[in-house]
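The values are calculated or read from the model by the stated rules, or taken from the named source; none is laboratory data. Here the structure is a predicted model, which means the values were calculated and not measured. Cβ placement follows ideal geometry from the backbone for every residue including glycine, while neighbour counts extend to all protein chains displayed.
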Amino acid sequence: MTLAIFLGVLLGAILLGVPVAFALLLSAIGLMLHMDMFSPDILASSLVNGVDSFALLAIPFFLVAGETMACGGLSKRIVRLAMAYLGHKKGGLGYVAIFTSVVLAGLSGSAAADAAALVAILLPMMRGAGYPETRSAGLLAAGGIIAPVIPPSVPLILIGVAGNISISRLFMGGIAPGLMMGLALMLTWNFLMRNEDVQQVEKADKAERKAAFRDGIWALVLPFIIIIGIRFGIFTPTEAAVVAAVYAIFTSAFIYRELTLKKFYEVLVNSCKSAGMIMFLVGCAMVASWLITVAQLPQQLAMLLGPLIDSPRLLMATIMLMVLAIGMVMDLSPTVLILVPLLMPVVKQAGIDPAYFGLMFIMNTCIGLITPPVGTVLNVVCGVGKLRVEKAIVGILPFVGVYTLLLILFIVFPQLITVPMNLIAG
């Protein structure tokens, strides 16, 4: 009954158009009334305590770093570097897009921002070279969603806080599956382009390659600073966010000299807006999470999933199917903050590695970013690229299919994630 009340109020409010953060608060109030423990003081203090976390301090700093890189010239330099080394190959602009997606993922961690940058720079070039428009847009959208998997990643921080998972392990664990997502896109693109007749870019000479590498090296260094710093205990993920923000500001302002005071003001305003929305959502989710624990909803869910507890792979497959369906109609952050506190006790009871589960959960919800009806990244691609959504959906299907196959592979062979994660994390 308690589980039905929580889900009924939450889903009912969302269907009525109530913002997810307020829907979570309403579901928490519904639980408090049902358990006869309603208190505005408890509600307010739980909301404040929900965001009183050192780990969450990383979010505004990573947002500043991402916004700075977007307007500081790093994106176009990474594209130029990829063009110098990969642009001349058959279907080369697609490989440039994938390489740039992976590198940008290690810089900003924002799927929508990365996809917007890629579309703005590369889609006009791909159109001009005769690449199929729908397929190109699909590739750019699919490349954009690698960002939440590879560190630094705001969704990985959110799931770490919501599920009480080591953020350092999540960061180290995201490297292998993120690179495998890039490799899967390359193989799929190679297959799709085998019979296409497209214009090839002239091969860059040695001097052009050296110039592109010299210009892009400052952007390439940042992911290694973050990974090495966290791996060897030089700084925590939160401190890594500060390092990333300072490095991005320094590089954009003094090396590339594209970050003006006016642009920096816009960076701070945009970052504060995004951080405010995320933090309020997290606070509301933490109130609901506390009441979920008090109401013993995870135990009720464990009873429903009881027959699957002894079969971790079957349990993971069931959970992933559920998350895939929910991710298509709900954005990534609310899905994480609503479902993870509910599912984590069941996952631990089944003996599943929490960091492995967290990475699988994020990969799964990322697919929802490029699938209708919500498809945040899909809509960004269509908006920036001036493309109809129906056409983009057709182009995205092969890449959604290959990502789904990759998820299945990770369910059957979890060692593909856990072994590299344990090796890198030490």
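Could you please give the count of residues in region 212-228 that are surrounded by 15 or more Cβ atoms within 10 Å (Cβ to Cβ) and without any contact (Cβ under 8 Å) to a residue 24 or more places away in the chain?
Total meeting the criteria: 1.
Residue check: is Ala253 small (Gly, Ala, Ser), touching a residue at least 60 places away in the same chain (Cβ under 8 Å), under 29 Å from Leu24 (Cβ atoms) and surrounded by fewer than 21 Cβ atoms within 10 Å (Cβ to Cβ)?
no
Within region 31-52, can you find the residues that are in contact with a helix residue (DSSP H, G or I) (Cβ under 6 Å, 6 or more places away or on another chain) and either touching a residue at least 12 places away in the same chain (Cβ under 8 Å) or under 30 Å from Pro152 (Cβ atoms) (or both)? Please lay out each step first, then the result.
Going through region 31-52, the residues in contact with a helix residue (DSSP H, G or I) (Cβ under 6 Å, 6 or more places away or on another chain) turn out to be 31, 34, 38, 46-47, 50-51.
The answer is Leu31, His34, Ser46, Leu47, Gly50, Val51.
Check every one of the helices (runs of 4 or more DSSP H) wholly within region 158-268 and list those with 1 or more residues that are charged (D, E, K, R).
Numbers: elements: 167-173, 175-192, 206-231, 237-250.
In region 158-268, the matching helices (runs of 4 or more DSSP H) lie at 167-173, 206-231, 237-250.
Suppose the filter is within 24 Å of Ser136 (Cβ to Cβ), touching a His at 6+ places or on another chain (Cβ under 7 Å) and surrounded by fewer than 14 Cβ atoms within 10 Å (Cβ to Cβ); does Glu196 pass it?
Answer is no for this residue.
Under 7 Å by Cβ, and 6 or more places apart or on different chains, what pairs join a residue from region 304-319 that is in a helix (DSSP H, G or I) with one that is of a type in the set (Ser, Thr, Tyr)?
The qualifying pairs are Leu308/Thr318.
I'd like to check something: does region 311-333 contain any residue that is surrounded by fewer than 18 Cβ atoms within 10 Å (Cβ to Cβ) and among the polar types (S, T, N, Q)?
yes
How many of the residues making up region 368-384 are closer than 10 Å to Leu332 by Cβ and either surrounded by 22 or more Cβ atoms within 10 Å (Cβ to Cβ) or among the hydrophobic types (A, V, I, L, M, F, W, C) (or both)?
4
Which of the helices (runs of 4 or more DSSP H) contained wholly in region 1-85 include at least 2 residues that are over 24 Å from the mean Cα position of the chain (by Cα) and either surrounded by 19 or more Cβ atoms within 10 Å (Cβ to Cβ) or charged (D, E, K, R) (or both)? Talk me through it step by step, then tell me what you get.
Numbers: elements: 2-15, 20-34, 40-50, 58-71.
Answer list for region 1-85: 2-15, 20-34, 40-50.
Starting from residues that are within 14 Å of the chain's Cα centre (by Cα) and over 13 Å from Ala115 (Cβ atoms), keep the ones in region 364-384 and report whichever is modelled with the lowest pLDDT.
Gly368
Determine which single condition Leu387 fails, assuming it passes every other condition in (1) modelled with pLDDT of 95 or more; (2) surrounded by 16 or more Cβ atoms within 10 Å (Cβ to Cβ); (3) of a type in the set (A, V, I, L, M, F, W, C).
(1)
Quick one: in region 149-192, of everything that is polar (S, T, N, Q) and within 18 Å of Ile396 (Cβ to Cβ), which residue is surrounded by the most Cβ atoms within 10 Å (Cβ to Cβ)?
Per the criteria, the residue is Thr188.
Only one residue in Phe361, Phe357 is among the aromatic types (Phe, Trp, Tyr), under 24 Å from Ala141 (Cβ atoms), modelled with pLDDT of 95 or more and crowded, with 22+ Cβ neighbours inside 10 Å. Which one?
On the way: Phe357 fails: under 24 Å from Ala141 (Cβ atoms).
Going through Phe361, Phe357 in turn, just one is among the aromatic types (Phe, Trp, Tyr), under 24 Å from Ala141 (Cβ atoms), modelled with pLDDT of 95 or more and crowded, with 22+ Cβ neighbours inside 10 Å: Phe361.
Give me the pairs, please: first residue somewhere in region 1-22 and without any contact (Cβ under 8 Å) to a residue 24 or more places away in the chain and within 21 Å of Ala44 (Cα to Cα), second residue anywhere and of a type in the set (A, V, I, L, M) and surrounded by 15 or more Cβ atoms within 10 Å (Cβ to Cβ), beta-carbon distance under 6 Å, and either six or more positions apart or on two chains.
Val9/Leu26; Ala13/Ala23; Ala13/Leu26
Using the structure shown, decide if Thr293 is surrounded by fewer than 24 Cβ atoms within 10 Å (Cβ to Cβ) and farther than 27 Å from Phe38 by Cβ.
no
Give me the pairs, please: first residue somewhere in region 346-374 and under 14 Å from Gly174 (Cβ atoms), second residue anywhere and acidic (Asp, Glu), beta-carbon distance under 9 Å, and either six or more positions apart or on two chains.
Pairs found: Thr365/Asp331.
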